[in-house]
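Notes follow the structure.
Only the coordinates and a few stated rules stand behind these numbers; no lab work does. It should be emphasised that the depicted structure is a prediction, and the values quoted were computed from it without experimental measurement. Cβ atoms come from the backbone with ideal geometry, glycine included; neighbour counts cover every protein chain shown.
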Amino acid sequence: MPSESAFKSIVKADPLTAHDPFLKYDSLEELYEVERICDAFSCFKDKNGKHPCITANFAVANPSFERIDPLAGTYYYETFFDTYNSYFGSGDKMLSIIKKAADNHLFFPQLHAREHLNVERWMNDLRNNRTDTVLAFDHRTMGVGSSFTQGNRFGYMDAYNYDQEDELNKLKDIIFDASSLFYKYFGFHARTTAAPCYVWTAEIEKFFAEIGIELIQTQFKQNICNCVGTEKMHSRIHYTGQKNKLKQLYSVRNCSFEPAITQSVNRSIDDCLCQIDMSFKNHKPAIINSHRLNYISSIDVKNGDDGIKGLTSLLKEVTTKYSDIEFFTSEELLELMKS
């Protein structure tokens, strides 16, 4: 969501938008929001003296709304660096903060996608003048509450979903673009990735392998498309340490800290602690899923404040209860599993 004013304007035309936590709270992260996560993490260490660290999965590009021509069907993107600049004029500062945080084992970039967007379906709906899609586009965002339908169950967020084989070549180009942009801005190649909305296929895994992806971050169930955006999608169960035919490993997010979604910080802390405890009892790494929306204040100040306080409380509880805890990035977990 670009801003609080955009959110309020969209809600007037599409009331369903007010009930979606991502649309209600999530926006582009600002410098201070990254800094205060790092400040919180820097207060804690594991038994080896390492800080907690977010594996931050980056979508490295966004639609270039000013250049896209919906009627002509011409699509353009801008890099996330350019988006930082257009929002805050802070692309260089943000990259500097991220790289410094990575050096201090607080914030570790990995690859999410080029855009967190199904470009093909989105452009088709823009071209066909679909009401909710045009409403979103006019407010410089990708979807609104009523975008989530049976035929668009992820509201355009499922970047790697497709229903025609000829779309695969386009997705291959997108994935290779994503890898190049990631390297350009971070100076190294990502070895792990998380497919948006956990939607991908074996063919997509081959493209991942070609750009050097060795580990796929996922939930328990992978969403595999049979027909784009419909309930015909089926699933495949994964577990941490599982290996596919390409010898890529999977890591499963078995814990969750999402106070902006549950609307209760205390409940989110308690649930996450129970999930961590269960993971350790079963001799599994506790892999915590936590989205950006939990720490964003630009649309709702209380949301970001509550999220960072909750995260700090969670880390305090964890480091107090488990004196022998160790903190890993996704890449460090990959190396541990490989060894």
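Some values worked out for this structure:
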| quantity | calculated |
| --- | --- |
| R0 of 22 Å, Cβ-Cβ distance Asp82-Asn104: FRET efficiency to nearest 0.05 | 0.25 |
| Fewest-first ranking of His283, His139, using other Cβ atoms within 10 Å as the exposure measure | His283, His139 |
| Met337, Met142 arranged by Cβ crowding within 10 Å, fewest neighbours leading | Met337, Met142 |
| Relative packing of peptides 192-198, 257-263, 162-168 - highest average C-beta neighbours within 10 Å first | 192-198, 257-263, 162-168 |
| Phi-based couplings in Hz for the stretch 217-225 (Karplus 6.51, -1.76, 1.60; Gly and Pro marked x) | 7, 8, 8, 4, 10, 7, 8, 10, 7 |
| The chain - mean residue ellipticity at 222 nm from DSSP helices (-39,500 (n - 2.57) per run, n ≥ 4, rounded to 500) | -13000 deg cm²/dmol |
| Surrounding net charge for Tyr32, when Lys and Arg each add one and Asp and Glu each subtract one, Cβ distance under 13 Å | -4 |
| In Hz, Karplus ³J(HN,Hα) per residue of the stretch 152-166 (6.51, -1.76, 1.60; θ = phi - 60°; x = Gly, Pro) | 8, 5, 9, x, 6, 7, 7, 4, 9, 7, 7, 10, 10, 4, 5 |
| The stretch 4-338: equivalent-ellipsoid semi-axes (sqrt of 5 x gyration tensor eigenvalues, Cα, Å) | 31, 24, 20 |
| Loop-resident sites, the stretch 72-132, for trypsin sites (Lys or Arg not before Pro), counting at most 15 other Cβ within 10 Å (DSSP) | none |
| Under the span-like rule (Cα at least 27 Å along the axis, Kyte-Doolittle mean at least 0.0), DSSP H helices of the chain | 167-186 |
| Difference of contour (0.36 nm per residue) and Cα-Cα distance, Lys206 to Lys93 | 37.2 nm |
| Distance-filtered residues of the stretch 297-318 - backbone nitrogen under 17 Å, label point 7 angstrom along Thr262 Cα→Cβ | 303-318 |
| Cβ-derived FRET efficiency at R0 30 Å, Ser3 paired with Lys184, nearest 0.05 | 0.60 |
| Residue order, fewest to most beta carbons within 10 Å, for Asp177, Asp14, Asp158 | Asp177, Asp14, Asp158 |
| Hits among lysines - C-alpha to C-alpha of Lys100 under 19 Å, sequence gap 8 or more where chains match | Lys45, Lys50, Lys184 |
| Summed side-chain charge close to Leu249 - residues other than Leu249 whose Cβ falls under 9 Å, Lys, Arg +1, Asp, Glu -1 | +2 |
